[in-house]
Amino acid sequence: MFKNFPKIPLISLNQRLRVLCLCFMSWTFVQSQIPVTNEADLRAINNDLSGHYQLTQDIVLEQAWIPLATDEPFQGILDGNGHIIYNMRIDDSELMDVGFFSRIRNAQIYNIGFVNPVVNAGKIAEGINAGVFVGNVIASEIRNAFVEGGSVSSYGSAGSISGKITKGTAKSSIINVYSSADVIATKQHAGGIVAIADNAYIENTYFSGLAEAKLSCGGILGTVTGENTVLSSLATSTYVKGVKANRIIGEASGSLTLHNNYARTDMLVGSRNMDVVSLSESRLKGIQGESVPLQGADFASPYPDFTDADIEAATDAFNANYYSTAKRLYFESHLRTGKVSAIWTQANLYDLMVTQYQRTGDEKDYQLCLDILEGNRLQYANYNWDNGVVWFIYDDIMWWVISLAEAYSITKDEKYLNLSKSGFERVWSGSSVLKDNGSYDPVHGGMYWAWDQKNPEGTPLPTMGKMSCINYPTVIAAMTLFNATADSTYFYKGLEIYTWANNNLFDKELGRVPDSKHGNGPNANWKDHVYNQGTCIGAAMMLYNATNDRKYLDDAVLTANYTKNQMSTNGYMHFENGIEQGIYPAIFSKYIKRLIEDGKQYQYIPWLQYNINAGWANRIDRSKVTHKDFANPAPAISKIQSYDASALPALMQVTPTVDSNPIVINTQAKEFYEYNLNWDSDVWTMSEKDALPKLKGFNIKTGLNISQSKSSLELIYHNHQLKVNSLSLVNVEIIDWSGKIVQSVLLHDNYLQIPNGVWIVRAFTKDDVKVIKVIS
């Protein structure tokens, strides 16, 4: 009966319903596309503001442009069909909404670009809204669109795509859009993409021009009210200027969702003349975005930037005051008398020195690592795991299992590897000498902290639970041993415990790690500790490195975001005053390093630098000993235990100085976009000049995230073989990391042998593209 039912074009919901009703009245009705071939055809859009228009070629405008839809909003479709409008010039002093369209409502604009547009909105009132595409957007969508070059200036507000998004019957959306135009608002707000937004959805956008406003100014949006969402967007401007300014959104009220947004860490943000303010004076060393926005000048440090010499001085001061060369151990007190530091912290202080050696390659640092290992061997029963007096808590052993495996990695001495392996087995399975059952729970999963294995429901006591401090370190230990031995048994044990911990000791919405789990129900002790956040990051990153499965990287990022955005106070890392708890940030430092380097998550570097600059500036002048409370002057050295003093040297060891490679510190490496914004490398490419992503061509049918769309093209790699599944012929290119195509073939449901190495494999048909990384 419905075989000849007419096809409904991709239009808004209201239009769809209207067309549907008409279809039932007339089975032959189909909305026709109106071809647009020249400037006159563009101007004729004013004659029917509900039409479906499609460009058939690029158009160069010869005359000044008068905005369309000044009396009534455009409510149709403008399909650029991959074409460009060149040299649009608008100089208007009468309209309140200025752009190619003055206003749009329930409209769609897509697959179109503007090159070198100039929009000047006059001086009749401060409420003017100006943009290249449209002055004011209501319940409409703009997607697969761009602006290259040009500028937008307004007496009121200015955005490169639109001046304003006004709340309508549906949320307006701007998706898959970029702009390199400059925007200037002399009286009100400016945004790289939109100046003012109320109920907007923004995804996969980037802005690389300059933005200036008298009031609020942001790299993506100037000011927002209502419910707004900004996802996977990037601001790479050298500066945004306004009284209230920030990298992504200048000023926000209402409900705001920010996720996976990034900006240059050296972007200048402020209200002064950016041409005369020095970089060091006005540099904001942080990035607004990720999962929770930070307000204002989030990482504008009043302290000098730390240097490589400062790292050496801080580490030397720590050792001079807390390390005993006679005992080859660390002491709690700076006097190096009385109690030695706790057994589990000795392992983590050893790790600090391993990081020092890995950073410097200095023989004296290597020798210090060996001395510490020997001192601890003598102190702790020759690492005899069956000595129940010395070793009586599972996590004490597991911290040393990790450290001894690290010792093997730098020395290649089998004795350390064997000690690590035997320690792991002792924790996992128990001791035949001490008659305990081990930490592992084969029935309900997870690892117990104490040998008695009590885990009653609802009991908050640490001795009665499955603690994060044993579960996540178990994963790290297992994966470290897997890397050292290639024994897959360790991999699967690490995977099993991580899976249990991810389901029982992890908030998958927030990235928060509880201290412990009690019983087999949902009860957990949701106490925030920085070291638990750190070991969760470390466990996730080790699995990510082994599997290349993005979900582990996402877990690590979520955990780091919670630590940075929710656990910090005014940007300063959380610290605690409990017994031995000053070492928590030192443990965190080791694993945030894995996230930054292995996961290419450079956005955390400015936050760490901000903390280090304050902590180092607040050190004790004479001794150069630092304290865990980075934001305030260090107390007398008599009040600083080794745990407290270790936090800053450990962070310094893993954090690049501000004069390090800007490609690493600033989020501008190509890999950063591919890892974090999921921008497909076929569609987004990098410019040699400014390291910014840019659309390659514009014959796009499925949007920028081609690799995420539903597709009939499938690539499966296993054991040097690439399987290509497709309904049509597929062009397959093997590309090396320099961008050179080393092999190109045409396949259809075939296998392709992949040579040894690291490659980008690009497969494409006329309708689809897939790009994957292959390690063969």
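Counting other beta carbons within 10 Å of each Cβ, put THR307, THR765 in order, fewest first.
Numbers: THR307 14, THR765 17.
Ordered from fewest to most neighbouring Cβ atoms within 10 Å, THR307, THR765 come out as THR307, THR765.
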*Can you give the net charge of the other residues whose Cβ lies under 12 Å from the Cβ of SER642, counting K and R as +1 and D and E as -1?*
0
*Got a sec to turn the phi values of segment 346-353 into Karplus ³J(HN,Hα) couplings, 6.51 cos²θ - 1.76 cosθ + 1.60 with θ = phi - 60°, whole Hz, x for Gly and Pro?*
4, 5, 6, 6, 4, 4, 4, 6
*Sketch the reach of a paramagnetic label on PHE392 as a point 7 Å from Cα along Cα-to-Cβ, and name the residues of segment 569-597 whose backbone nitrogen lies under 20 Å away.*
579-581
_Quick check: Cα centre of segment 428-454 to Cα centre of segment 526-563, how many Å?_
25
_HN-Hα J in Hz across segment 164-171 - Karplus 6.51, -1.76, 1.60, θ = phi - 60°, x for Gly and Pro_ = 8, 10, 9, 4, x, 6, 9, 6
_Just to confirm a number: summing +1 for Lys and Arg and -1 for Asp and Glu over residues other than LEU352 whose beta-carbon lies under 13 angstrom from that of LEU352, what do you get?_
-1
*Mind giving me the FRET efficiency for ASP48 and ASN87? R0 is 41 Å, r the Cβ-Cβ distance, nearest 0.05 is fine.*
0.95
*Collect residues whose amide H, placed 1.01 Å from N in the peptide plane, falls under 5 Å from the amide H of VAL36; neighbours closer than 5 in sequence don't count.*
GLN54, LEU55, THR56
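Grab the beta carbon distance between SER623 and ASP659, set R0 = 30 Å, and tell me the FRET efficiency rounded to 0.05. Each step should come with its number before you reach the end.
Numbers: r = 27 Å, r/R0 = 0.89.
With a Förster radius of 30 Å, E is 0.70.
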*asked:* Give me a comma-separated list of calculated 3J(HN,Hα) values for segment 755-763, in order, Karplus coefficients 6.51, -1.76, 1.60 applied at θ = phi - 60°, integers in Hz, x for any Gly or Pro.
replied: x, 5, x, 10, 9, 9, 9, 10, 10
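Which length gain, in nm to one decimal place, applies between ALA309 and ASN632 when the Cα-Cα distance is subtracted from 0.36 nm times their residue separation? Intermediate results must be reported in sequence, preceding the final value.
Working: separation 323, 0.36 × 323 = 116.28 nm, distance 2.21 nm.
Gain in length upon complete extension: 114.1 nm.
With a cut-off of at most 16 other beta carbons within 10 Å, and DSSP calling the residue loop, which trypsin sites (Lys or Arg not before Pro) in segment 495-543 qualify? Please list them.
Values: sites: LYS508, ARG512, LYS517, LYS527; in loops: LYS508, LYS527.
Loop-located and lightly packed - LYS508, LYS527.
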_Please list, ordered by chain and number, the residues whose modelled amide H lies under 5 Å from the amide H of ASP97; skip anything fewer than 5 residues away on the same chain._
ASN129
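Sort LYS364, LYS593, LYS164 by Cβ crowding within 10 Å, fewest neighbours at the top.
Values: LYS364 9, LYS593 23, LYS164 31.
With the fewest neighbours first, LYS364, LYS593, LYS164 line up as LYS364, LYS593, LYS164.
Going down the table (LYS364/LYS593; LYS508/LYS639; LYS508/LYS773; LYS415/LYS624), which pairs top 30 Å between alpha carbons? Kindly include the intermediate steps, with their values, before the conclusion.
Details: LYS364/LYS593 23 Å; LYS508/LYS639 38 Å; LYS508/LYS773 27 Å; LYS415/LYS624 37 Å.
In this structure, LYS508/LYS639; LYS415/LYS624 exceed 30 Å between Cα atoms.
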*Net charge of Cβ neighbours under 12 Å - reference ALA64; Lys, Arg +1; Asp, Glu -1*: -2
_Can you tell me, using C-alpha contacts under 8 Å and at least 6 residues apart, the relative contact order of segment 291-448 as a whole percent?_
13
*Any chance you could check the Cα centroid distance between segment 579-635 and segment 393-426 for me, in angstrom?*
26
*Cα centroid of segment 160-237 to Cα centroid of segment 752-772, whole Å*: 35
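For VAL401, VAL774, which order do you get if you count the other beta carbons within 10 Å of each Cβ and list the fewest first?
Numbers: VAL401 30, VAL774 17.
Final ranking by Cβ density, sparse to dense: VAL774, VAL401.
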*Give the residues of segment 304-319 whose amide nitrogen is closer than 19 Å to a point set 7 Å from the Cα of LYS364 in the direction of its Cβ.*
307-319
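None of the figures in this text is laboratory data; all of them are computed from the coordinates on show. Values in this document were obtained by computation on a predicted structure and should not be read as measured data. Please note: Cβ atoms are built from the backbone with ideal geometry, for glycine as well, and neighbour counts cover all protein chains shown.
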